[in-house]
1. Can you name the residue in the stretch C:70-104 that is touching a Leu at 6+ places or on another chain (Cβ under 7 Å) and modelled with pLDDT under 95 and, of all such residues, is farthest from the other protein chains (Cβ to nearest Cβ)?
2. If you check B:69, B:62, B:80, B:109, which single one turns out to be touching a strand residue (DSSP E or B) at 6+ places or on another chain (Cβ under 9 Å) and over 16 Å from residue B:12 (Cβ atoms)?
3. Is it the case, given these coordinates, that residue A:17 is within 29 Å of residue C:111 (Cα to Cα), of a type outside the set (S, T, N, Q) and modelled with pLDDT of 90 or more?
4. Does residue B:81 meet the test of being touching a residue at least 60 places away in the same chain (Cβ under 8 Å) and surrounded by fewer than 21 Cβ atoms within 10 Å (Cβ to Cβ)?
5. Given the conditions (1) acidic (Asp, Glu); (2) in contact with a helix residue (DSSP H, G or I) (Cβ under 6 Å, 6 or more places away or on another chain); (3) not in a helix (DSSP H, G or I), and given that residue B:25 satisfies all but one, which numbered condition is not satisfied?
6. Can you tell me which residue in the stretch C:17-55 is surrounded by the fewest Cβ atoms within 10 Å (Cβ to Cβ), limited to those that are touching a residue at least 40 places away in the same chain (Cβ under 8 Å) and within 14 Å of chain A (Cβ to nearest Cβ)?
7. Please verify whether the stretch A:137-151 includes one or more residues that are assigned to a loop (DSSP other than H, G, I, E, B), over 15 Å from the mean Cα position of the chain (by Cα) and surrounded by 22 or more Cβ atoms within 10 Å (Cβ to Cβ).
8. Please verify whether residue B:59 is within 13 Å of another protein chain (Cβ to nearest Cβ), small (Gly, Ala, Ser) and part of a helix (DSSP H, G or I), treating the condition exactly as stated.
Amino acid sequence: MSDLLRVAELNAAYAAAIDADRLEDWPDFFVDDCVYKITSAENHKRGYGAGVMYADSHAMLRDRVTALRSANVYERQSYRHIVGLPVIGAAGTDGIPAETPFLVARIMRDGRTDLFATGAYLDRIREEAGRLRFVERIVVCDSSHFDTLLAIPL
Amino acid sequence: MSDLLRVAELNAAYAAAIDADRLEDWPDFFVDDCVYKITSAENHKRGYGAGVMYADSHAMLRDRVTALRSANVYERQSYRHIVGLPVIGAAGTDGIPAETPFLVARIMRDGRTDLFATGAYLDRIREEAGRLRFVERIVVCDSSHFDTLLAIPL
Amino acid sequence: MSDLLRVAELNAAYAAAIDADRLEDWPDFFVDDCVYKITSAENHKRGYGAGVMYADSHAMLRDRVTALRSANVYERQSYRHIVGLPVIGAAGTDGIPAETPFLVARIMRDGRTDLFATGAYLDRIREEAGRLRFVERIVVCDSSHFDTLLAIPL
């Protein structure tokens with residue numbers, strides 16, 4: 001299978017896990033020594049490191065899920081990711097680079113649905129323990145205005 | 001071609017037929033002895049069978065199209081499906097299982113566009129008479145609040 | 001690689017260039033002697049030629065980019081294309097025909113995000129100078145109501 005298809009397949013499984021509220025599966029899409037970051041296009045362009053959320057290990061991603069489960073806020077709404085096809089770069093020693101557009105709709109308890117976020121995933125991907133995993137996933141949101149509580153992983 | 005690509009191709013053709021108002025082509029995406037159901041995530045989770053719409057044969061799907069054509073309500077707006085890539089399960093005797101996210105935008109006559117529905121297709125797919133067809137398509141909408149008249153197939 | 005995948009890859013690169021504001025790369029997705037047109041579903045159905053925007057050469061596309069850069073209006077907001085999978089027709093002497101659904105979200109400076117446009121690309125595509133390029137791209141928007149200034153290529 002081509003890298004394009006394999007990465008597309010990875011993205012589809014990633015989105016399905018989050019949208020079905022299988023958050024405990026989410027950290028396993030990453031290698032142990034990973035970087036996961038949510039930031040805005042403007043911050044990313046200016047080279048600001050911080051962003052809205054930052055994790056640099058598999059353990060931190062698991063902690064994030066535990067926090068979400070105990071906070072319980074995520075139950076009030078659900079989300080739906082629509083993920084486009086990736087643009088794949090040349091594979092290097094640090095994995096396959098990929099850039100993939102996404103849109104996330106948010107469905108409120110009262111039925112209203114809105115556009116929660118749009119943006120692009122900037123990824124480096126590597127095969128480990130038999131499947132593709134994210135070495136780095138930078139979630140660059142188009143909007144600089146975030147909900148104060150980002151209830152779910154993007 | 002991989003199952004992933006073949007199912008993605010099927011979904012693309014399915015969405016194109018509906019959005020181009022070729023509703024008469026819609027039943028042929030299903031085998032004769034099919035199940036087609038529209039339900040909400042909440043009802044689906046609780047195991048409620050009913051849902052918003054239910055058909056268990058190709059003939060019922062054709063009847064549905066006839067009803068839509070005579071009701072004529074579908075002309076007041078148009079729809080646009082954006083369908084993600086499927087997550088494919090292991091093929092069994094009852095076909096290939098697939099789960100695919102979707103988003104449908106509705107375009108009103110006055111030009112306003114809104115998010116009409118988001119959700120996931122839960123499918124079982126089989127090759128019959130030379131092409132892939134749906135044995136079962138359960139349309140699980142994220143929102144529990146539907147327009148009273150679901151004008152089109154999802 | 002199948003035509004389906006190659007066209008999907010072309011569409012992904014096309015959308016990424018526009019959304020990353022690499023407008024200068026946009027004309028190179030077309031052959032020299034191309035047709036690019038933005039129109040509405042209603043006008044397209046009735047066979048009206050005109051539409052919202054029309055270009056019939058690579059040079060006209062470049063001029064369009066120059067005009068956008070000098071007008072500078074495009075900086076006030078950003079856009080995000082989500083492009084579905086194409087339905088590919090039988091390749092003829094005039095290239096591969098493809099029909100592809102799209103959705104474009106618009107992100108305002110104040111952070112609000114709305115559905116800017118939905119529709120379908122009606123394309124004829126040909127390999128030239130080592131990569132696929134559009135011989136013809138007709139952008140058929142579902143809505144007949146456009147912003148008076150279409151700031152970006154669709």
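1. C:73
2. Sole residue among the options that is touching a strand residue (DSSP E or B) at 6+ places or on another chain (Cβ under 9 Å) and over 16 Å from residue B:12 (Cβ atoms): B:109.
3. yes
4. So residue B:81 fails the test.
5. Failed condition: (3).
6. Only one residue fits best here, namely C:21.
7. Yes, the stretch A:137-151 contains a residue that is assigned to a loop (DSSP other than H, G, I, E, B), over 15 Å from the mean Cα position of the chain (by Cα) and surrounded by 22 or more Cβ atoms within 10 Å (Cβ to Cβ).
8. No; evaluated as a whole, the condition is false for this residue.
The values are calculated or read from the model by the stated rules, or taken from the named source; none is laboratory data. Nothing here was measured: the structure is a model prediction, and the numbers come from that model. For neighbour counting, all protein chains shown are included, and Cβ atoms are generated from backbone atoms with ideal geometry for every residue, glycine included.
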